[in-house]
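Q: Have a look at this one.
The values are calculated or read from the model by the stated rules, or taken from the named source; none is laboratory data. Small disclaimer: the values here were computed from a predicted structure and weren't measured. Positions of Cβ are generated from backbone atoms using ideal geometry, with glycine treated the same way; all protein chains shown enter the neighbour counts.
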Amino acid sequence: MKDLIKAIILSLLVIALLGIITKLMFVEASGGKSIFPFIAYDINKDNYISQSEFYYTNTKRTPEDGREGMPLMHIPEGPDFREYDTDLNGKLDEMEFLHSCKSCHSDR
């Protein structure tokens, strides 16, 4: 029974640590600025952002919803989905998305 409790506690600590690491990666990728989260774009929850999800989510954000450092990407002067699909598979994984966020913040 003690071993089970230790395993549960260790598992919870690992999960918490992974959460902290993910958060730090997100903050680093965004340059410390607030960015719209990956899960908000991944409408169908398949762990990818399709081109239609990308543009749909951006068109749903209005200038009033915008936050400093997160431009509305669907506006004419905003970046294009194809700029971030680095492996050219027609969808963004979380790392491509985080890289795109970092690019948005450093370009503007």
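Q: Under 6 Å between Cβ atoms, at least 6 apart or on separate chains: pull out the pairs that start in region 40-56 with a residue that is over 16 Å from Asp87 (Cβ atoms) and end on any residue that is crowded, with 17+ Cβ neighbours inside 10 Å and hydrophobic (A, V, I, L, M, F, W, C).
A: Pairs that qualify, where the first residue is over 16 Å from Asp87 (Cβ atoms) and the partner is crowded, with 17+ Cβ neighbours inside 10 Å and hydrophobic (A, V, I, L, M, F, W, C), are Tyr41/Ile49; Asp42/Ile49.
Q: Could you check how many residues of region 44-87 are at pLDDT 55 or above and charged (D, E, K, R)?
A: Qualifying residue count, region 44-87: 10.
Q: Keeping to region 40-56, report how many residues are out of contact with any strand residue (DSSP E or B) (no Cβ under 8 Å at 6 or more places or on another chain) and assigned to a helix (DSSP H, G or I).
A: Qualifying residue count, region 40-56: 5.
Q: Would region 22-36 turn up any residue that is at pLDDT 80 or above and of a type outside the set (S, T, N, Q)?
A: For region 22-36, residues at pLDDT 80 or above and of a type outside the set (S, T, N, Q): absent.
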